[in-house]
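Colleague: Below are the structure tokens for one structure; questions will follow.
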Amino acid sequence: MKGKKIRVGQLLMKSLTAEQIACMLDVVVSAGGLKGLMDDLTEADPDMAATVGNILKGNRTAVDGKTESRPVSHKRTMEHWNSLWRHWHEIVAEVGDEEGKYAVQDHHWEEPYFDGSFFASDLEPIAQDMLGLIDDIYHSVEDPELFVEAIADIEESIASYPEWMGVEYGEPSELEKNATLCILKWLWSSIQHEPHPGITLIEKVFEIEETYELVYLNRNALVEFFAKLPADACREIYTHLQGETHAIDLSNVYSPWHKINHNYESRFDSTKYLETCRQYLGHNWRYGRPLVDDALNRKEFQEAERWLESTFSSFLARKKQGKWYPEVSLLIGQHGHYMAEGREEIADLLRIWSEVSLKLGDLQRGAAAQIQSVIFRLPADCEAVIKEYKQMIRPKIKKTIDPLFEQWKTEMAERSFSRYMDAPPVSDSWVHWLIETSLDPQKKKEWFMRKINAWLSELKKDKKIFQKQWRRLARLTSDLPGSKTLEKQYPVFYETALPEEASPDDLLGNFRSNGLKKMKAGPCLSGVMDVWREHLHMIVPDPANSYKSDYTDHASWCKAVFELNQKSYSAILSRWRKKHNRRRNLWRDMKAISLPV
């Protein structure tokens, strides 16, 4: 019986390292060996031969317009695809286990619960890799229901948690963007060449939404995917949505189907699009811009202003407080939450309001909207705001924009200092003075230094004022030229009492630091430290207010006092010995950082 023929290639794989095999192939290529073997390679494996040919030609394909990818054989792509699915199934396999990774227990006395967001975030990087492979591998997989079955698998796994975990009563788990796009792209790949692919797609998505109760598709990804479908499919879906054969409530402004339908309206029915904007502006401020633009196109400036009024009332959710106008108050002070997106849109609407007001002859409102636009776009860009204010300041509009400029100064001061909920507004501070000085540095330099020195003198004399304003002093200390020397001199004080220095991208912080340098305020550091030495002990936290007998923070503050004023530290020690002598953990934590106790 003949022995099995040994494949040299496999023997080399077992006998050499990957680096050695790569080196060997480099030698073969350099000698021109592979080019002469292309026919043999094609006969052995056409996929392999095509990939080798592309590599030898130096072929590179741009996948996103920015990066380049090396040619990869289809078999290697399928190998990667299968490895991604193995990883996907490993993650889903953890779902349903009451002691598994996604059964989260916040406290030991509480029952665990399923953390769907944790699970979805683990799937997302895998889905991101899958998304880029679908076009290449779809026809090789030959399973149009692949991702629908994956959703069913997730639903079944979530449902398998014990009944006492109450999964069915909690919020369903939302998949993240790329996982949702994978599902939608796979569905579209399976139906895009059918007679009515748009209708088929939307009905399949409706079916997914109706079938699965414990997992659902990402809403933003749904809107994005449907907006980017081919125009014919979009028109087909839009026509379908206008019928009554589905149970979708298009009046629900929070539904992705309302947003998809509205996107299609903008492309296929401008009259209906504007009608929807008018109807739902109170629920979504973004519906105001098309109405404003439409009025401007017709040169109806008073109508445009009415839409601007309504748009900002919607933006501020002012249903009962009345309309807001740019000359009345600073918008960033009225808008009570952080904007992750939309800031540029609002700033542009303010700019438009300025232009509309000037068309209507209202100089004051036009000026107010203009400076509000600059402030809202990037409020911490102090140089830009000051420059705009200086360019605008004229007798006819000074009374209108000065109060807004003052409100902005206060906003910048409050962003500079740590504030508590019940703290009074910062109506006058060194940040106010620094901004004021920037209007005319040459003339106001001496005035600024007098204000600073008078304030430091007041802090040193009055411990009550120090207790109220020490955070302002801490910010000044950190921003002053030469403050980094304190890190070596008084490391615990520097770490405990002072805020972090401004980062390179902190516009407000850099404005403060640069402004103090221009004022040559470095010598103030000596007076600042005199205040700290005098009063730092006043703000050391009381051990009576510790949390779970953790005194590390108290010990750090004491160490900071010890670095600056050992006499004050001794006084604290004497008081605490009488009042807190039985708090053993307090003395332990103080000894741990080498404090004499």
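Colleague: Within region 215-226, can one find any residue that is hydroxyl-bearing (Ser, Thr, Tyr), surrounded by 16 or more Cβ atoms within 10 Å (Cβ to Cβ) and either modelled with pLDDT under 90 or in contact with a helix residue (DSSP H, G or I) (Cβ under 6 Å, 6 or more places away or on another chain) (or both)?
Modeller: no
Colleague: Another question, then. Filter region 369-399 down to the residues that are within 16 Å of Lys409 (Cβ to Cβ) and basic (Lys, Arg), then identify the one that is most open to solvent (accessible area, probe 1.4 Å).
Modeller: Per the stated criteria, the residue is Lys387.
This table checks each residue for (1) touching a strand residue (DSSP E or B) at 6+ places or on another chain (Cβ under 8 Å); (2) among the hydrophobic types (A, V, I, L, M, F, W, C); (3) under 23 Å from Phe147 (Cα atoms).
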position: Lys177; (1), (2), (3): no, no, yes
position: Glu194; (1), (2), (3): no, no, yes
position: Val223; (1), (2), (3): no, yes, yes
position: Glu236; (1), (2), (3): no, no, no
position: His240; (1), (2), (3): no, no, no
position: His262; (1), (2), (3): no, no, no
position: Arg267; (1), (2), (3): no, no, no
position: Thr271; (1), (2), (3): no, no, no
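Colleague: For residues in region 454-466 being part of a helix (DSSP H, G or I), open to solvent by less than 80 Å² (accessible area, probe 1.4 Å) and not aliphatic (A, V, I, L, M), which is farthest from Val531 (Cα to Cα)?
Modeller: Going through the qualifying residues, I end up with Trp455.
Colleague: Okay, moving on. Tell me which of these Trp470 doesn't satisfy, since it passes every other one: (1) within 29 Å of Glu563 (Cβ to Cβ); (2) open to solvent by 90 Å² or more (accessible area, probe 1.4 Å).
Modeller: The failed condition is (2).
Colleague: Confirm whether Arg475 is among the charged types (D, E, K, R), assigned to a helix (DSSP H, G or I) and surrounded by 14 or more Cβ atoms within 10 Å (Cβ to Cβ).
Modeller: Yes.
Colleague: Among the residues of region 228-255, which ones are hydrophobic (A, V, I, L, M, F, W, C), open to solvent by 30 Å² or more (accessible area, probe 1.4 Å) and closer than 21 Å to Tyr280 by Cα?
Modeller: Passing the criteria: Ala247, Ile248, Leu250.
Colleague: Restricting attention to region 478-505, and to residues there that are assigned to a loop (DSSP other than H, G, I, E, B) and of a type in the set (D, E, K, R), which single residue is modelled with the highest pLDDT?
Modeller: By that ranking, first place goes to Lys484.
Colleague: Go through (1) more than 21 Å from Ser190 (Cβ to Cβ); (2) hydrophobic (A, V, I, L, M, F, W, C); (3) in contact with a Leu (Cβ under 9 Å, 6 or more places away or on another chain) for Phe226 and report which single condition fails.
Modeller: In the conditions (1) more than 21 Å from Ser190 (Cβ to Cβ); (2) hydrophobic (A, V, I, L, M, F, W, C); (3) in contact with a Leu (Cβ under 9 Å, 6 or more places away or on another chain), Phe226 misses (1) alone.
Colleague: Also, quick follow-up: Under the condition of being among the aromatic types (Phe, Trp, Tyr), in contact with an Asp or Glu (Cβ under 6 Å, 6 or more places away or on another chain) and in contact (Cβ under 8 Å) with a residue 40 or more places away in the chain, which residue from region 478-522 is most open to solvent (accessible area, probe 1.4 Å)?
Modeller: Across region 478-522, the extreme among qualifying residues is Tyr490.
Colleague: Return yes or no: is Glu244 within 22 Å of Glu174 (Cβ to Cβ) and either part of a helix (DSSP H, G or I) or modelled with pLDDT under 95 (or both)?
Modeller: no
Colleague: Can you name every residue in region 128-176 that is surrounded by fewer than 19 Cβ atoms within 10 Å (Cβ to Cβ) and either among the basic types (Lys, Arg) or touching a Cys at 6+ places or on another chain (Cβ under 6 Å) (or both)?
Modeller: Scanning region 128-176 gives a single hit, Leu131.
The values are calculated or read from the model by the stated rules, or taken from the named source; none is laboratory data. Values in this document were obtained by computation on a predicted structure and should not be read as measured data. Here the Cβ is made from the backbone with ideal geometry for all residues, glycine too, and neighbour counts use every protein chain on show. For accessibility, only protein heavy atoms count, side chains too; no ligands or nucleic acids. Shrake-Rupley method; radii C 1.70, N 1.55, O 1.52, S 1.80 Å.
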